[in-house]
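The values are calculated or read from the model by the stated rules, or taken from the named source; none is laboratory data. Just so it is clear, the structure is predicted and the values come from calculations on it, not from any experiment. Every residue, glycine among them, receives a Cβ derived from its backbone with ideal geometry; neighbour counts consider all protein chains shown. Surface areas here come from the heavy atoms of the whole protein model, side chains and all, with no ligands, DNA or RNA. Shrake-Rupley method; radii C 1.70, N 1.55, O 1.52, S 1.80 Å.
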Amino acid sequence: MTSTPMPAPTPSNPVAPAGQAPTDDGLQTGNLTQPGTRTGETMIAIDNVSKWYGDFQVLTNCTTSVAKGEVVVVCGPSGSGKSTLIKTVNALEPFQKGQITVAGTKVLDKSTNLPKLRSRVGMVFQHFELFPHLTITDNLTIAQRKVLKRGSEDAKKRGLDLLARVGLSAHAHKFPGQLSGGQQQRVAIARALAMNPVVMLFDEPTSALDPEMVGEVLDVMVELAKEGMTMMVVTHEMGFARKVADRVIFMDRGEIVEDAHKDDFFGKPRSERAQTFLSKILQH
Amino acid sequence: MNYNWNWGIFFEPSPEGTGTYADMLLSGLLWTIATALCSWVIAFCLGSVIGVLRTLPNKAANAVGTAYVELFRNIPLLVQMFLWYFVLPEVLPQAWGNWLKQLPNAPFYTGVVCLGFFTASRVAEQVRAGIQSLPRGQRMAGTAMGFTVAQTYRYVLLPNAYRIILPPLTSEFLNNLKNTSVALTIGLLELTARARSMQEFSFQVFEAFTAATLLYVFINLIVITAASFIERSVAIPGQR
């Protein structure tokens, strides 16, 4: 279903220097870097981030980074703060201490235009969150039109191209409620991609799916990773992590306990907590 | 019971000299409809704004919304009518007060504003409940797409919230229509007021109020039919 040929990814724009927000033009062509073109340029820098709900600390001094073209999987027991961490990247969750920089733009800065920043960060949610009152086509185009101010023809073309890419062209006229969970999640991924994001965030994208639909969503994500999309993925799908992740971050009680290359993490996690976690979820 | 039934009374000329009793009731019905529609425009627009204020992530906006709702829904409608009609012109600067008192059709305008503000507090609660009943992720999804707060409401939250609250909103419209009868206390010659004066002129109390009852039921049935038509036409395929 994802075997539809991809539009050839255009080469990334090498002139946009780090520390400066790339222009929209740069974003439009630079989002799909080809495999092997990882430049080492930092796309997301999470620096000493802490967050409290009242007195309760949910994130404690989290520091990590995601390089351009890198795929980072975040895992950990429930309540470990992994969803919260990924939502701080586009400031869906505010944080009180530290700083996050996305493509050179500081998230926690009064002068930052947050809607603009968010429009360049694709996000896929556990429960899809398609807009139920809009057709699939409108779901794919509304933010392109209203946020990026694209013409409706351009937006529609881009949306339908991406819909074809996730193998759902036949459903363009339908409403989200008429699709299965797996189909909805693939539309949600296409919707995020339609904005030409510089980075994609996935918050447990397969957790709410029936088991037989997990595969179709993971296929789309694997393909995306292979194309060189920068991805930060909260998931329990260790098969996905093994296959495409570059690094794995293990969180527990709001802290980043382990931040290691995939092979090191699955080979022999250093911390006891990560070992216990892995042994539990890899048992079945 | 010793009662002199006379169903032909409706076709007898009313003492006002402008037509029959039936004409009198119908003119009352028209005032009822006009008051209900005009006050609903205020109630719907203002109520939507207040309801949205109560759901914004901003404490000041919440406070304004809450204050409005608690003020207007905790004072009896009848008292509010008196306050708007008798008290407001006295506490305003004298020139404004005089202007208000000399306004032609003052009971109509006052009734519309009073009822509109009162019903707005109830509509606001429906709108708030509708928005809050949506999954939290919908707001997040809109925000994550780069929508501003206003765009998130316009394109994501409100279209869904209004669909959810359509049935209770219909009830609210019916309440609003029936509440127009309270405006008879400030002299609005709407349907109930007309039925009362018919009774006083003719002593045919049963006929007068039977007619008023039937007219209210008739109008409300039309509203309900229209509402269910709207509900069907905005229903989302594949939902529920």
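Report summary: the helix-based calculation at 222 nm, which adds -39500 (n - 2.57) for every DSSP H run with n ≥ 4 and divides by the residues of chain A, gives -10000 deg cm²/dmol. The convex hull of the Cα atoms of region A:144-228, projected and averaged over all directions, covers 5.9 nm². A Förster radius of 30 Å, combined with the Cβ-Cβ distance separating A:Leu282 from B:Arg136, puts the computed FRET efficiency at roughly 0.40.
The alpha-carbon positions of region B:32-189 define a convex hull whose volume is 120 Å³ per residue. For region B:1-50, the set of chymotrypsin sites (Phe, Trp or Tyr not before Pro) satisfying both a DSSP loop assignment and a count of at most 11 other C-beta atoms within 10 Å is given as B:Tyr3, B:Trp5.
With Cα atoms defining each centre, region B:22-99 and region A:197-226 are spaced 51 Å apart in the structure. Across region B:32-189, Cα pairs under 8 Å and at least six residues apart give a relative contact order of 37 percent. Element breakdown for region B:32-189 at a 1.4 angstrom probe: carbon and sulfur atoms account for 68% of the accessible area. Chains B and A together bury roughly 2000 Å² of accessible surface, counting both sides and using a 1.4 Å probe on protein heavy atoms. Can you give the angle from 0 to 90° between the axis of helix A:152-165 and the longest principal axis of chain A, with both taken from C-alpha atoms, to the nearest 10? Long axis of A:152-165 versus the principal axis of chain A: about 60 degrees. With the helix formula -39500 (n - 2.57) applied to DSSP H stretches of n ≥ 4, chain B reaches a computed 222 nm mean residue ellipticity of -23500 deg cm²/dmol.
For region A:172-195 versus region A:245-279, the spacing of their alpha-carbon centroids is 32 Å. Solvent exposure of chain A, expressed per residue, is 42 Å² of accessible area, with all protein chains present and a 1.4 angstrom probe. Relative contact order of region A:116-177: 42 percent, from C-alpha pairs under 8 Å at least 6 residues apart in sequence. The mean count of C-beta atoms from other chains within 10 Å of the C-beta of residues in B:145-157, rounded to a whole number, is 6. Note on A:92-98: average number of Cβ atoms from other chains within 10 Å of each residue's Cβ is 1. Hull volume per residue, based on the alpha-carbon atoms of region B:32-113 and their convex hull, is 105 Å³.
Placing dummy labels 7 Å off each Cα toward the beta-carbon, the span from B:Ile75 to B:Val223 is 2.3 nm. Short-range pairs are left out: with C-alpha atoms under 8 Å and at least six residues apart, the relative contact order of chain A is 25 percent. Using 0.36 nm per residue and subtracting the Cα-Cα separation, the extra length available between B:Ser233 and B:Trp7 on full extension is 77.2 nm. Each residue of region A:234-283 gets 75 Å³ once the volume of the Cα convex hull is shared out per residue. Largest first and in whole Å, the equivalent-ellipsoid semi-axes of the protein assembly as shown read 61, 24, 21, each the square root of five times a Cα gyration tensor eigenvalue. Projected onto its three principal axes, the C-alpha set of region A:164-213 covers 30, 26, 16 Å, listed from the longest axis down. Between the helical axis of B:59-73 and the longest alpha-carbon principal axis of chain B there is an angle of about 20 degrees.
Note on A:Ser50 and B:Gln199: with the Förster distance fixed at 60 Å, the Cβ-Cβ geometry gives a FRET efficiency of about 0.20. Within the assembled protein chains, the solvent-accessible surface assigned to B:Tyr109 is about 110 Å², based on a 1.4 Å probe.
For chain B, the longest principal axis of the C-alpha atoms and the axis of helix B:21-53 are separated by about 20°.
Counting Cβ atoms of other protein chains within 10 Å of each Cβ in B:28-38 and taking the mean gives 0. Radius of gyration (Cα atoms) of chain A, expressed as a multiple of 2.2 N^0.38 Å: 0.97. Can you give the FRET efficiency for B:Thr18 and B:Val91, using 1/(1 + (r/R0)^6), R0 = 35 Å, r = Cβ-Cβ distance, to the nearest 0.05? Result of the calculation: an efficiency of 0.45.
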